[in-house]
Amino acid sequence: MNDISGLNFEQQKAVNAGPGSVLVLAGPGSGKTRVLTQRVTYLISEGLSPHRLLAVTFTNRAAKEMRSRIESQIDPKFQVRNVGTFHSLCARLLRQQSENDARSKDFVIYDSADQRALIKQSMHYHNIDDKRYKPHSIHSTISTAKNDLIGVSEFSRDSYYDEIVARVYERYQHLLQQNNALDFDDLLAEAVFLLRDNSAVREHYQNLYQKILVDEFQDTNLAQYTLLRLLSGQYRDLFVVGDPDQSIYRWRGADYRNVRRFQTDYPEAEIIYLRKNYRSTQTILDVATAVIDKNHSGGSVRLFSDIAGGDKINVHEAYDEEEEAQFVVDTIKANSINEKIRPGECAVMYRTNAQSRALEEAFVRAGMPYRLLGATRFYARREIKDLLAYIRLIHNMLDTVSLERIINVPSRGIGSQTYSALLEYCEKLNVNPIRLILKLTDDGSDAEHYKALGARTARPLAAFGLLLRGWLNALEAGESVGSLLDLIIHDTNYEAFIKSGKESSSDRWENVEELRKVFSGFDDRDLGEVLEQISLVADVDSLGVDLDGGGAPALMTLHAAKGLEFPLIFIVGLNDGVLPHRRSFDEPEEMAEERRLLYVGLTRAKELIYLSHTFRRYNFGYGSSGIPSRFLKDLPMELVTGDVSTKNISDPTDWPQTNVVKSQSVSNITRSSVDIQFRSGQRVSHHTFGLGIVIESKFLSGDELVIVAFDDVGIKRLVAGSAQLKLEDVE
DNA sequence: GGTGAGTAGATGTTC
DNA sequence: TCTACTCACC
Ligand SMILES: Nc1ncnc2c1ncn2[C@@H]1O[C@H](COP(=O)(O)OP(=O)(O)OP(=O)(O)O)[C@@H](O)[C@H]1O
């Protein structure tokens, strides 16, 4: 079962290394994840009990894959529980240790929308104007602090802004606790604080986890690193694998310097380098290496592949995003016709989620299925979040954020007046609003609270409480989560509510149906477990293990592509301002991370890479000129084919007033100039548009496409053959 | 209290 | 282009 003969010498050395700490440093596709998985099965085959080890993966998908490998090796009755992401492992630790923590084991995990609501509530409490201070930026300051393990009391109040944040932070934590909730950052930070401050708990886990293994170590943040240090305190047996050149989560507190820190903190650690790449062609590796070398990070080890040569990297310039998307679709089709690469083996990657729109439209137009990862997470959709808020409320009656979300959805006569009156009343009596609502229902209209609030306020609240009571009873009676959901949908007339909504009501109802399907699959699983799982899944986790999801190409951000591999990839939107993103321009560290992002993208490919950029870019619905990404000029010319621009691509170009963008194809495909009728700079006239100047002319799908800046009507794109475009004589 | 129109402001990546 | 919030009116 545990056959390591397929591994190379260095890989085997890593699998069998130890005892003691090990650092595996290696580039993309060198089998780091494979080695880690193999080591887990090796350790178990050597007699280590599966629950004496802890394996941390970057995605739930990777965790699932590893778990199934392990399960195939051991007694099927044994459940593998200690394999997961940092977040899911911390959540479980905190639940197990809930008696040592301020929250009960039913705590809920707040997602970004819940967090935002609570931040706003906290700001409101301190009369902080949410126009002057953006809730988002306050939240991200708090989030950064948590990732650096800075608690409320240690948070600096040196500047005026910090003082504001500190107050919000304090209130925010207070509210989280009151709601019996944790945010994502708390999962890590609270776990660390618990282990740090409670020696009994710490010793328990230190003795339990004899071996700890971590994938994608370069993207750990301080909280995660500290967690590992604490947990490995007893055995000092940490096996970490990573690649500093693939660190792409700096903005989330990740710090690739943890690799160096590890070497300092574990000086005895054995360091193993893997040099052979099993994923990509040598051409791809050479191109990727050329790109990342410009970061001068040093340390990067040259990778070699058995697959010598390989196709050159294609660079394509499209007119705009629509045409770029069409190019993607056409290329996927072309590659599938000659049976070379199936659509399901292709992936399209981009810097920002917003870029998926044009691609989706092109796929829809072509009638081609696709899988979209990211964007709006399924569980973040309005109707889904609403229904989940009902469920969460039943699970954790302290969750006022969920209460506020659905108390009047669908509307049931509880507007902002009624709700504020309720909150005020509860505050005065120091009771929980949800309990009070239930009390109103149970005690009837003659009771004290009912009278104090007044019938106008109390009646709709009591009616809502009646529904709540029914669901609580159902839960008590042991109804499954699936039938609980159905009961809520029924009692609230949710179907009618969705279907009477004006926008996309059928799509929204389909989402609800989808949720019901998911829930019915949960059977008799514990409600808390179900909610936790929902909070912690990422879209990328839905990719099957074989990645070829029913023959549909995958669309995802470069971040989501981490750790995956595809025979053919596209990276679209290689424009300055997009990749690298404009927000990284004046921070060298961030610019370096943009480059790493491209490096991660390039190294996902096994065989073919298509890079594209656009001539026009649209932001906020307004057009601007697209400048090819500065990274493009770092591609080795001899390994690239297609539209390689000769213009100085790092120069911002101010179109159209100052200078005209000149772009000439210096493609390696010899293209007879006879075919092209127009050249950039030429003066032309058109019978309706009038006079103009040619910006660019090139072949696209067999036609000559001419882009002309007309004096009166602006930029138009025309097909030379069909448009009546005439050359004007220039003096 | 509910609803719809109108408008300012935003989009960077994720657990 | 899309969203989230405000405000007027029912
Ligand atoms: N010894 C080997 N023989 C054959 N194939 C291998 C070997 N080692 C790894 N591979 C294959 O190479 C590919 C890359 O492996 P893996 O994903 O483990 O690399 P990685 O170093 O984790 O990559 P990345 O850092 O890019 O995520 C996988 O398809 C894996 O199956």
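Determine the pairs where a residue that is within 16 Å of DNA strand C (Cβ to nearest atom), located within the stretch A:493-505, has a partner that is among the basic types (Lys, Arg) and assigned to a helix (DSSP H, G or I) with Cβ atoms under 6 Å apart, the partner being 6 or more residues away or on another chain.
Note: pairs meeting the criteria are A:505/A:499.
Limited to the stretch A:300-325, what total is found for residues that are assigned to a loop (DSSP other than H, G, I, E, B) and in contact with a Leu (Cβ under 8 Å, 6 or more places away or on another chain)?
Total satisfying the criteria: 5.
Among the helices (runs of 4 or more DSSP H) contained in the stretch A:468-526, which hold 1 or more residues that are within 16 Å of DNA strand B (Cβ to nearest atom)?
A:494-500, A:505-522
Which pairs do you get when a residue that is without any contact (Cβ under 8 Å) to a residue 40 or more places away in the chain and within 16 Å of the ligand (Cβ to nearest atom), found in the stretch A:15-30, comes within reach of a residue that is outside any loop (DSSP other than H, G, I, E, B) and not charged (D, E, K, R), reach meaning Cβ atoms under 8 angstrom, with the pair 6+ apart or on two chains?
So the pair list comes out as A:15/A:35; A:15/A:38; A:15/A:42; A:16/A:42.
Kindly indicate whether any position in the stretch A:97-116 is within 16 Å of the ligand (Cβ to nearest atom), outside the structural domain of residue A:534 (by the TED database), within 18 Å of residue A:185 (Cβ to Cβ) and modelled with pLDDT of 90 or more. Working first, answer last.
Of the residues in the stretch A:97-116, the ones within 16 Å of the ligand (Cβ to nearest atom) are none.
No, the stretch A:97-116 contains no residue that is within 16 Å of the ligand (Cβ to nearest atom), outside the structural domain of residue A:534 (by the TED database), within 18 Å of residue A:185 (Cβ to Cβ) and modelled with pLDDT of 90 or more.
Under 6 Å by Cβ, and 6 or more places apart or on different chains, what pairs join a residue from the stretch A:472-483 that is over 15 Å from residue A:391 (Cβ atoms) with one that is surrounded by fewer than 18 Cβ atoms within 10 Å (Cβ to Cβ) and of a type outside the set (A, V, I, L, M, F, W, C)?
none
Looking only at the stretch A:392-436, which residues are of a type in the set (Ser, Thr, Tyr) and either surrounded by 20 or more Cβ atoms within 10 Å (Cβ to Cβ) or touching a residue at least 40 places away in the same chain (Cβ under 8 Å) (or both)?
Listed by number, the residues that qualify are A:400, A:402, A:418.
Need the failing condition index for residue A:350 against (1) surrounded by 21 or more Cβ atoms within 10 Å (Cβ to Cβ); (2) aromatic (Phe, Trp, Tyr); (3) farther than 20 Å from residue A:575 by Cβ, just the number.
Every listed condition holds for residue A:350 apart from (3).
Yes/no matrix, rows are residues, columns are (1) closer than 23 Å to residue A:9 by Cα; (2) of a type in the set (Asp, Glu); (3) more than 16 Å from DNA strand C (Cβ to nearest atom):
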{"site": "A:228", "(1), (2), (3)": "no, no, yes"}
{"site": "A:277", "(1), (2), (3)": "yes, no, yes"}
{"site": "A:306", "(1), (2), (3)": "yes, yes, yes"}
{"site": "A:319", "(1), (2), (3)": "no, no, yes"}
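Confirm whether residue A:152 is touching an Asp or Glu at 6+ places or on another chain (Cβ under 8 Å), farther than 23 Å from residue A:382 by Cα and more than 16 Å from the ligand (Cβ to nearest atom).
yes
Would you be able to say whether some residue in the stretch A:138-158 is modelled with pLDDT under 95, within 17 Å of residue A:404 (Cβ to Cβ) and within 21 Å of the chain's Cα centre (by Cα)?
no
State all residues of the stretch A:16-41 that are surrounded by fewer than 23 Cβ atoms within 10 Å (Cβ to Cβ) and farther than 13 Å from residue A:215 by Cα; if no residue qualifies, say none.
If the condition is that a residue be surrounded by fewer than 23 Cβ atoms within 10 Å (Cβ to Cβ) and farther than 13 Å from residue A:215 by Cα, then A:16, A:17, A:18, A:19, A:20, A:41 are the ones that fit.
Go through the residues of the stretch A:331-350 one by one and say whether even a single one is among the basic types (Lys, Arg) and in contact with a strand residue (DSSP E or B) (Cβ under 6 Å, 6 or more places away or on another chain).
Within the stretch A:331-350 (the criterion being among the basic types (Lys, Arg) and in contact with a strand residue (DSSP E or B) (Cβ under 6 Å, 6 or more places away or on another chain)), the answer is no, since none of the residues qualifies.
Within the stretch A:362-384, does at least one residue satisfy the condition of being over 27 Å from residue A:321 (Cα atoms) and under 18 Å from the mean Cα position of the chain (by Cα)?
yes
If you take the residues in the stretch A:596-612 that are among the basic types (Lys, Arg) and surrounded by 23 or more Cβ atoms within 10 Å (Cβ to Cβ), which one is farthest from residue A:307 (Cα to Cα)?
Within the stretch A:596-612, the subset among the basic types (Lys, Arg) is A:596, A:604, A:606.
Okay, now just the ones that are also surrounded by 23 or more Cβ atoms within 10 Å (Cβ to Cβ), so A:596, A:604.
On the way: A:596: 23, A:604: 15 Å.
Here the answer is A:596.
Consider the stretch A:81-118. How many of its residues are more than 13 Å from DNA strand B (Cβ to nearest atom) and farther than 14 Å from residue A:178 by Cα?
The total comes to 12.
The values are calculated or read from the model by the stated rules, or taken from the named source; none is laboratory data. Just so it is clear, the structure is predicted and the values come from calculations on it, not from any experiment. Note that each Cβ is placed from the backbone with ideal geometry, even for glycine, and that neighbours are counted across all protein chains shown.
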